[in-house]
1. Among 96-106, 58-68, how do they line up by average Cβ neighbours within 10 Å per residue, starting with the highest?
2. Based on the mean of other beta carbon atoms within 10 Å per residue, what is the order of 44-50, 86-92, most packed first?
3. Simple spin-label model, 7 Å along Cα-to-Cβ: LYS102 to ASN58 in nm?
Amino acid sequence: MLETNAKPSKNLMVFKKKTESPTEKAPLGPPWKVLVIDDDHQVHLLTTEILKEFIFENRPIALFSGYSKADAETLLTTHHDAAVIFLDVIMETNYAGLEVVKYIREAQN
């Protein structure tokens, strides 16, 4: 049974809806490319929900999802200009994410 006068949990996550002000600028440039590489579909859903209306330096976010090391390598080849990569270390193997990091470092040389 839920108590109506219970104190809120300190671990409760609350997201404030973004309200548009009349002084906000329209996006000036192409979206920032953000890669989300994780084998847990819930991570992709939550990341999408949190960042769906996010604007940074007057540019929106474009999310690209991958679920494995192979997906990551394909996305990195296609979107070599990604601004941010959210990368899970443990996916199909205990070190798949670390292999992706190695792939990125070697591609830069």
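Bear in mind these aren't lab numbers, they're just calculated from the coordinates by the rules spelled out. For clarity, every value in this text was computed on a predicted model and none was experimentally measured. FYI the Cβ positions are ideal-geometry reconstructions off the backbone, even for glycines, and counts take in every protein chain you see.
1. Going from most to least packed, we get 58-68, 96-106.
2. Packing order, densest peptide first, comes out as 86-92, 44-50.
3. Roughly 4.4 nm, to one decimal.
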